[in-house]
Amino acid sequence: MSSEKVTRGFGLLEKFLSIQRMKRAQKIIKKFKKSEYILDIGCGSYPLFLINSDFDVKCGIDQEVKEMEIKSLHLHLKQHDICANLDLPFKDNYFDVITMLAFIEHLDSVQLLKVLKESYSMLNEGGILIITTPAMWSDIPLKIMAKLHLVSPDEIEEHKKAFNLIELNNLLLKANFKQENIQMGYFEFFLNLWACAKK
């Protein structure tokens, strides 16, 4: 599997930023004991995070990924355009961890709430959902970086919304997560948000 590109388009910092998101997610996952089954929604054409994660079963879904199974990596990739079909092809109560790293900003509000509710259903009791997304005030810096090709213009142009912690928290509540099971914060110099919601 080639590691040439981690996102669509070209950006000098794309791989570096993907690694930072991956590290943030891995740090959260380490706090939880059970981590056998993981799903990465919006895993991209090259599933960098899944390849570098230690799970018994690793599933990735994205419109850009090639459908394949790599047994040596316990990796199952499924091509699926979530914007065109919001019904995710997985069982309820199956995953210990679901991740959406730099993904939710590509969905409109209706699509996002549906995907969050589906994720809640697909998690085991005690399972966690991890989200990373640009903070609301990072919109202008990202557009400047895209013009300089530090980040992928293709990815940035597709962003539908940027979030603050309150909005993200409210979305998770609407998706059936309980307030006491939601943790949130910032990373990458406050330009990105992270959230962890436990079922």
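Here are some notes:
- Sparse-neighbourhood loop sites, trypsin sites (Lys or Arg not before Pro) in the stretch 14-112 - DSSP loop, at most 13 other Cβ within 10 angstrom: LYS30, LYS31, LYS33, LYS34, LYS66, LYS91
- For the stretch 37-108, chymotrypsin sites (Phe, Trp or Tyr not before Pro) are listed when DSSP marks them as loop and at most 16 other Cβ atoms sit within 10 Å of their Cβ; the list is TYR94.
- Cα-Cα over 18 Å, subset of LYS114/LYS174; LYS31/LYS199; LYS23/LYS78; LYS117/LYS178; LYS161/LYS199: LYS23/LYS78; LYS161/LYS199
- Bridge type composition, the chain - antiparallel percent by DSSP, nearest 5: 45
- Partners for LYS143 among aspartates and glutamates (Cα-Cα distance below 16 Å; same-chain residues under 8 apart left out): GLU14, GLU105, ASP154, GLU155, GLU157, GLU158
- Computed from the Cβ-Cβ distance with R0 of 22 Å, the FRET efficiency linking ASN52 to LYS91 stands at 0.30.
- Stretching GLN63 away from LYS23 to a fully extended chain increases their span by 12.0 nm, per 0.36 nm per residue minus the current alpha-carbon distance.
- The charge dipole of the stretch 1-150, taken about the Cα centre with unit charges on the Cβ atoms of Lys, Arg (+1) and Asp, Glu (-1), comes to about 580 debye, rounded to the nearest 20.
- Taking 0.36 nm per residue of separation and subtracting the Cα-Cα distance, full extension of the segment from GLN79 to MET136 would add 17.6 nm.
Quick note: the coordinates plus some simple rules give every number you see, no bench work behind them. Everything numeric in this text was worked out from a predicted model, so none of it was measured. We place every Cβ from the backbone using ideal geometry, glycine too, and count neighbours over all the protein chains shown.
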